[in-house]
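A short worksheet on the structure shown next.
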Amino acid sequence: MATVTYDHASRIYPGTERPAVDQLNLHVEDGEFLVLVGPSGCGKSTSLRMLAGLEDVNAGRILIGDRDVTDVQPKDRDIAMVFQNYALYPHMSVADNMGFALKIAGKPKAEIRSRVEEAAKILDLTEYLDRKPKALSGGQRQRVAMGRAIVRNPQVFLMDEPLSNLDAKLRVQTRTQIASLTRRLGVTTVYVTHDQVEALTMGDRIAVLKDGILQQVDTPRALYDTPKNVFVAGFIGSPAMNIGTFNVVNGVAKIGQAQIPLTREAVAGLTAEDNGKVTLGFRPESLDIVAENDPSAIEVEVNIVEELGSDAYVYGTLKGDLAGADLASPTAGDHEVIVRINPRTAPGKGERIHVAIRPGQEHVFSPSTGLRLSN
Ligand SMILES: Nc1ncnc2c1ncn2[C@@H]1O[C@H](COP(=O)(O)OP(=O)(O)OP(=O)(O)O)[C@@H](O)[C@H]1O
Ligand SMILES: [Mg+2]
């Protein structure tokens, strides 16, 4: 078992100018399950491959425990990696697939057999040990790939989107299994996904990357409740947070007719660059239906209602005087807002509803820097 430390680690691919991973500083605790998440191309796989030794580190260093492994061969790093396409050897049995790395390492047959059997027991694969991969379901194959990593008893597990070949239902089951398994084994794990729901459900902590730059690393709860910038705010959460830029007059933000008082601290954080505007974020569940004459009422015309059984979401258009406002939700269109409502009292398409942001549940950001101003 070991910690993992990225110390100003950068990767610049030959022939490119912008680093794919830019001065990454990240410390993973012993036994921790850390998720790297971010949109396609943000540098997740590159970060993981740098740790595995499959990609050069052009600046900075990487440590496993106290050992600087920046220039250590992949095979000498004592890590095991599970890839997205888990590429089992089709002509080998499950047992041989799982034990292959140990065989290459010259371990005695009896030891290989007992480690494979132990891993198979943990993964519920005992009855499949003599089968070939083609006679297994997708989920079972995925567990064999996990088994290959487990038998090596490494200091660190690295997983790059290991569930993306599975269908939605199996993905949900398997992600719980992986999370509880790695915790039971107590092995430090770095897990890559582009799926923020997967990240929220699996990670002890989550590191959010964008364009090769680390945006925030925090617990799922802290990322959700206090995103450090507009990007993290819009990326974490489904449906996404409503985010818009609005005029500020005397410390009060105006969304249509609604007056949203800002804290003194938030107002103090605004600068001349912000041009008298503020960026506000409010999650679909932070809106309540209110009376039309409520001073904080925001008028919304219902475009569609999405029914999810336990919840329903209104996708609507903001109404009223929106001069100077700019609401572009990452999920909905321009001037669209998403409101979570009680499915039993859902309004119909074309109806107008009035909603208000629950006091204190707005997220306040600087329009010029995108950084959080509220606490
Ligand atoms: N071998 C390479 N040569 C040049 N550029 C590369 C190479 N591999 C990746 N890149 C670039 O580096 C950046 C990061 O790529 P990376 O594969 O780490 O992204 P990712 O976050 O894993 O994305 P995805 O979610 O799509 O897997 C991208 O802009 C990509 O185009
Ligand atoms: Mg990738």
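Read-outs: derived from the displayed coordinates by stated rules, not from any lab. Note that the coordinates shown come from a computational prediction; the quantities given were computed from them, not determined experimentally. Glycine gets a Cβ as well: all are built from the backbone with ideal geometry, and neighbour counts include every protein chain shown.
For the range 3-62, compute Rg over Rh where Rg is the Cα radius of gyration and Rh is the Kirkwood radius from the inverse mean 1/r over Cα pairs.
Numbers: Rg = 11.3 Å, Rh = 11.8 Å.
Dividing the radius of gyration by the Kirkwood radius yields 0.96.
Over 33 Å, how big is the tail of the calculated P(r) for the chain, in percent of all Cα pairs?
That fraction is 43 percent.
What is the log10 of I(q)/I(0) for the range 141-280, computed with the Debye formula using one identical point scatterer on each Cα and no solvent, at q = 0.12, 0.14, 0.15, 0.21 Å⁻¹?
With no solvent term, the Cα-only Debye profile gives -0.63, -0.76, -0.83, -1.31.
Mind giving me the FRET efficiency for HIS91 and ASP30? R0 is 45 Å, r the Cβ-Cβ distance, nearest 0.05 is fine.
On the way: r = 38 Å, r/R0 = 0.85.
For R0 = 45 Å, the calculated efficiency reads 0.70.
Can you work out the FRET efficiency for the pair SER310 and ILE122, with r the C-beta to C-beta distance and R0 = 51 Å, to the nearest 0.05?
Step by step, r from the Cβ atoms, then E = 0.90.
Which FRET efficiency value, to the nearest 0.05, is calculated for THR201 and ALA110 with the Förster distance at 35 angstrom and r the Cβ-Cβ distance?
Efficiency at R0 = 35 Å is approximately 0.35.
Amide H neighbours of LEU36 under 5 Å, counting only residues 5+ apart in sequence or on other chains, H built in-plane at 1.01 Å?
TYR191, VAL192, THR193, ALA207
Against the empirical 2.2 N^0.38 Å scaling, what ratio does the C-alpha Rg of the range 111-186 come to?
Against the compact-globule rule of thumb, the ratio is 1.07.
Provide the per-residue ³J(HN,Hα) series for the range 225-233, in order, calculated from phi with Karplus coefficients 6.51, -1.76, 1.60 and θ = phi - 60°, each as a whole number of Hz, with x at glycine and proline positions.
Going residue by residue, I get 7, 9, x, 6, 8, 4, 4, 5, 4 Hz, with x marking Gly and Pro.
So what is the 222 nm mean residue ellipticity for the chain from helices alone, if each DSSP H run of at least 4 adds -39500 (n - 2.57) and you divide by all residues, rounding to the nearest 500 deg cm²/dmol?
For the chain, the value works out to -7000 deg cm²/dmol.
Taking amide H atoms as placed 1.01 Å from N in the peptide plane, list the residues 5 or more away in sequence, or in a different chain, whose amide H sits under 5 Å from that of ASN165.
none
Can you give me the long-range amide H partners of GLY65? Hydrogens built in the peptide plane at 1.01 Å from N, cutoff under 5 Å, separation of 5 or more residues or another chain.
Under 5 Å from the amide H of GLY65: THR3, VAL4, THR5.
Using 0.36 nm times the number of residues separating ARG67 and VAL249, minus their current alpha carbon distance, what extension gain do you get?
60.0 nm
Could you give the semi-axes, largest first, of the ellipsoid that matches the range 78-134, computed as the square roots of 5 times the alpha carbon gyration tensor eigenvalues and rounded to whole Å?
Equivalent ellipsoid of the range 78-134: 16, 15, 12 Å, largest first.
Semi-axes of the equivalent ellipsoid for the range 227-279, please: Cα gyration tensor eigenvalues, times 5, square-rooted, ordered largest first, whole Å. The partial results should precede the final answer.
Working: eigenvalues 89, 39, 19 Å².
In descending order the semi-axes read 21, 14, 10 Å.
Once Rh for the range 234-365 is found with the Kirkwood sum over Cα pairs, what is the Stokes-Einstein diffusion coefficient at 4 °C and 1.567 mPa s, in µm²/s?
Translational D for this selection: 87 µm²/s.
Can you compute the label reach from LEU371? Point 7 Å from Cα along the Cβ direction, backbone N cut-off under 13 Å, restricted to the range 250-287.
Output list for this probe position: 269-271.
Placing +1 on the Cβ of each Lys and Arg and -1 on the Cβ of each Asp and Glu in the chain, which of VAL57, ALA233, PRO133 has its Cα farthest towards the positive end of the resulting dipole?
In the chain, that residue is PRO133.
Can you give me the convex hull volume of the Cα atoms of the range 32-108, divided per residue and expressed in Å³?
Hull volume normalised by residue count: 151 Å³.
Quick check: the angle from helix 94-104's long axis to the longest principal axis of the chain, C-alpha only, nearest 10 degrees?
70
Taking the Cα-to-Cβ direction at ARG184 and at LYS349 and moving 7 Å from each Cα, how far apart do the two end points lie in nm?
Taking the simple label geometry, ARG184 and LYS349 are separated by 4.9 nm.
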